[in-house]
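S.K.: Before anything else, here's the structure in question.
The values are calculated or read from the model by the stated rules, or taken from the named source; none is laboratory data. From a predicted model like this one, the values you see are computed outputs, not experimental measurements. In this analysis, Cβ positions are derived from the backbone assuming ideal geometry, glycine residues included, and neighbour counts consider all displayed protein chains. Note: accessible area is taken over every heavy atom of the protein model, side chains too, but ligands, DNA and RNA are not part of it. Shrake-Rupley method; radii C 1.70, N 1.55, O 1.52, S 1.80 Å.
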Amino acid sequence: MQKLELWHNISCSKSNSAKDFLDKNSYEISVRDYLANPPSKVEIEDLLTKLNISIFDLVRTGEEIYKELKLESIKNEEKLIDAVLINPILIQRPILVGENKAFIVRPPARIEDIINSFI
């Protein structure tokens with residue numbers, strides 16, 4: 001199996017559920033606390049390519065900071081990426097990242113199917 005990385009937020013129940021499944025089933029993955037170790041712009045762009053989505057689909061619109069900053073008014077992808085770089089809490093989670101593709105693991109029950117797609 002290819003090398004996998006879980007973009008994880010320890011405060012998120014869905015993220016913890018995915019991590020618990022991976023740990024319980026002895027999958028060898030690296031775990032990235034993306035709040036403590038925020039991604040660079042290049043990493044965000046690479047992630048979007050692997051997910052095959054735009055930044056608009058990666059952003060958590062329910063976060064308070066999204067509303068406070070009035071990010072719904074941003075129509076330019078680069079500007080929204082810049083906002084995410086400053087506020088990584090806006091990134092959907094958890095995300096399982098492989099060499100050539102990635103998946104947002106929602107709902108967490110999908111994780112086994114997602115893992116199998118990396119094999």
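S.K.: So which pairs qualify, if the first residue must be in the stretch 55-72 and β-branched (Val, Ile, Thr), the second must be part of a loop (DSSP other than H, G, I, E, B), the Cβ gap must be under 6 Å, and the two must be at least 6 apart or on different chains?
M.R.: Filtered contacts from the stretch 55-72: 65/87.
S.K.: Would you mind finding the one in 14, 19, 24, 41 that is surrounded by fewer than 16 Cβ atoms within 10 Å (Cβ to Cβ), at pLDDT below 95 and within 25 Å of residue 3 (Cα to Cα)?
M.R.: 24
S.K.: Continuing with this model, one more query. Which ones in the stretch 1-11 are open to solvent by 50 Å² or more (accessible area, probe 1.4 Å) and under 18 Å from residue 89 (Cβ atoms)?
M.R.: Matches in the stretch 1-11: 10, 11.
S.K.: Using beta carbons and a limit of 6 Å, which pairs, at least six apart or on different chains, have the first residue in the stretch 73-95 and closer than 18 Å to residue 51 by Cβ and open to solvent by 70 Å² or more (accessible area, probe 1.4 Å) and the second one at pLDDT 95 or above and outside any loop (DSSP other than H, G, I, E, B)?
M.R.: Final answer for the pair search is 77/55.
S.K.: Is it true that residue 116 is closer than 16 Å to residue 2 by Cβ and either in contact with a Ser or Thr (Cβ under 9 Å, 6 or more places away or on another chain) or part of a helix (DSSP H, G or I) (or both)?
M.R.: yes
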